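*Asks:* This is the structure I want to talk about, given as structure tokens.
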Amino acid sequence: MLGNNVMGILFAYVNEDRVRDLTSVRVMASIPFGGRYRLVDFPLSNMVNSGINKVGIITEENYQSLMDHLGSGKSWDLSRKREGLYLLPPFGKSNARSDGKIESLDSIRTFLNGSQEEYVILSNCDCVANVNYRAALEQHEATKADITILYRRGTSPDVNRNNIYTLDPNGRIIEMLVHRGSEQDVNYGMGSCIIGRELLIKLVDDCMARNEYDFDKNLIQKSVPELNVMGFEFTGTAYTITSFEAYFHANMQLMDPKVRAELFDPNRPIYTKVRDDMPSKYGLDSSVSNSLVADGCVIEGEIENCVLFRGVKIGRGAKVKNCVLMQDTEVGENSRLDFVVADKNVRFSPESVMTGTSGYPVFVEKYGVV
């Protein structure tokens, strides 16, 4: 019953400037990933799998695709008469762009005050991982923590903008470096924390009274010497989308069966919006190796080391390698693509040639024609 005493808050927009190519027409949370998912599916499914049945998603501009994806929350068993999924647009603002998490939390004050849950899990939507929040919640209660920060141990994926934590032998955070990084192994944040609901409201009020809007610096870092701030280490597979190259790399890592087994544990499934479609069709001369192919695709050419979303069509004689092709993209006959990321509904004309590199994949915007 622990999950019934916890609510979730997801920030749909945080860090979207890191992948502006992908977020120019959508929020961070609705970026397509892995052939059939959106980034929001991972933190949202993690909360549902941990028994949490009330989740609010704070949005900003460009959230039409997110609304279309989430709907009523039925795919995550959050379409309920009581509690369930709440989409929280930036009401009460003079413009769509807020100053940060703190102002966003202040804008949903009515939602927080009207809730009865004792704890709140706050999470960004830029981390692909299968997290057991129940274990973190149990530690939070056992240690009587005011705040519990989820972190990983290793080389920081973003050496400029991650938070680095120093812990004492009991797991308490004694120092926090904001927007820093290191090329050596450190304890770096995953963009998630657990905090008491009433304490969160109090801290947000204090920050707003001082015109302080940086959540990490003004709310969390300031609390480290004053409150019992604990760390919870996550040791599983996780990919934080810190750049366009990191997004491409995370998709490519799905070719590894071990990575897929950790991210898509059948005991803790990742849910997403269902799109019923026909099975993928493979032509007599097609060739497919080491690739993820969603349903509804038509493959008549050759693909290797690729992630194909639903409805992708590969023309006869086309050779596609090391690519991420999103929903309903079409590749014309005799085309050559290598290290390309194509957004939804892109059209590659016959005999097109486009080549990038592993470190600099080429991006084609939504509805683009090449």
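Read-outs throughout are calculated quantities, based only on the coordinates presented, and are distinct from any laboratory measurement. Predicted model only: the values in this text are computed from it and were never measured. Cβ sites come from the backbone with ideal geometry, for glycine too, and all protein chains shown count toward neighbours.
*Asks:* So how many Å³ per residue does the convex hull of the Cα atoms of the stretch 212-370 work out to?
*Replies:* About 160 Å³ per residue, rounded to a whole number.
*Asks:* Mind checking the full-extension length gain between Arg80 and Thr235? Use 0.36 nm per residue of separation minus the Cα-Cα distance, one decimal, nm.
*Replies:* 52.5 nm
*Asks:* What number, in percent, do you get for the relative contact order of the stretch 204-343 if the mean sequence gap of Cα pairs under 8 Å and at least 6 apart is divided by its residue count?
*Replies:* Result for the stretch 204-343 is 13 percent.
*Asks:* Just going by the charge dipole of the chain, with Lys and Arg at +1 and Asp and Glu at -1 on Cβ, which of Val131, Asn290, Leu78 is farthest out on the positive end?
*Replies:* Working it through, the farthest residue towards the positive pole turns out to be Leu78.
*Asks:* Further, regarding this structure: What FRET efficiency comes out for Leu227 versus Gln184 if R0 is 30 angstrom and r is the Cβ-Cβ distance? Round to the nearest 0.05.
*Replies:* Between Leu227 and Gln184 the formula returns 0.60.
*Asks:* Same structure again: Determine the alpha carbon to alpha carbon distance for each of Lys281/Lys319; Lys101/Lys222; Lys273/Lys321; Lys74/Lys344; Lys74/Lys258 and list only those over 19 Å.
*Replies:* Lys273/Lys321; Lys74/Lys344; Lys74/Lys258
*Asks:* Between Asp276 and Arg210, what is the label-point separation in nm under the 7 Å Cα-to-beta-carbon projection?
*Replies:* Reported label-point gap for Arg210 and Asp276 is 5.6 nm.
*Asks:* Nearest 10 degrees is fine. How inclined is helix 197-209 to the longest principal axis of the chain, computing both from alpha carbons?
*Replies:* Value to nearest ten degrees: 90.
*Asks:* Using modelled backbone amide H atoms (1.01 Å from N, in-plane), which distant-in-sequence or interchain residues come within less than 5 Å of Asp295's amide H?
*Replies:* none
*Asks:* So between Arg260 and Phe111, what do we pick up on full extension, going 0.36 nm a residue minus the alpha carbon distance? Write out the running numbers ahead of the final one.
*Replies:* On the way: separation 149, 0.36 × 149 = 53.64 nm, distance 3.62 nm.
Between Arg260 and Phe111, full extension yields an extra 50.0 nm.
*Asks:* Now a separate question. Would you please give the FRET efficiency between Glu175 and Leu199, computed as 1/(1 + (r/R0)^6) with r the Cβ-Cβ distance and R0 = 22 Å, to the nearest 0.05?
*Replies:* The computed FRET efficiency comes out at 0.60.
*Asks:* Nearest 10 degrees, 0 to 90: what angle lies between the long axis of helix 244-253 and the longest principal axis of the chain (Cα atoms)?
*Replies:* Once rounded, one gets 70 degrees.
*Asks:* Roughly what would the spin-label model give for Lys144 and Glu351, points 7 Å off Cα along C-beta, in nm?
*Replies:* 7.7 nm
*Asks:* Could you compute Rg(Cα) / (2.2 N^0.38 Å) for the chain, with N its residue count?
*Replies:* My calculation over the Cα atoms of the chain gives 1.02.
*Asks:* Now, a different point. Of all beta bridges DSSP finds with both residues in the stretch 2-263, what is the antiparallel percent, to the nearest 5?
*Replies:* That works out to approximately 55 percent antiparallel.
*Asks:* In nm, give the distance between the simple-model label positions of Asn5 and Glu61, each being 7 Å from the Cα along the Cα-to-Cβ direction.
*Replies:* Taking the simple label geometry, Asn5 and Glu61 are separated by 4.3 nm.
*Asks:* Follow-up question, since we're still on this one. Within the stretch 110-151, report the GluC sites (Glu not before Pro) that DSSP leaves as loop and that have at most 15 other Cβ atoms within 10 Å.
*Replies:* Listed in order of number, the matching sites are Glu118.
*Asks:* Still on this model: Based on the alpha-carbon gyration tensor of the stretch 281-364, what equivalent-ellipsoid semi-axes (square roots of 5 times the eigenvalues) come out, in whole Å, largest first?
*Replies:* Values: eigenvalues 56, 34, 30 Å².
One finds semi-axes of 17, 13, 12 Å for the stretch 281-364.
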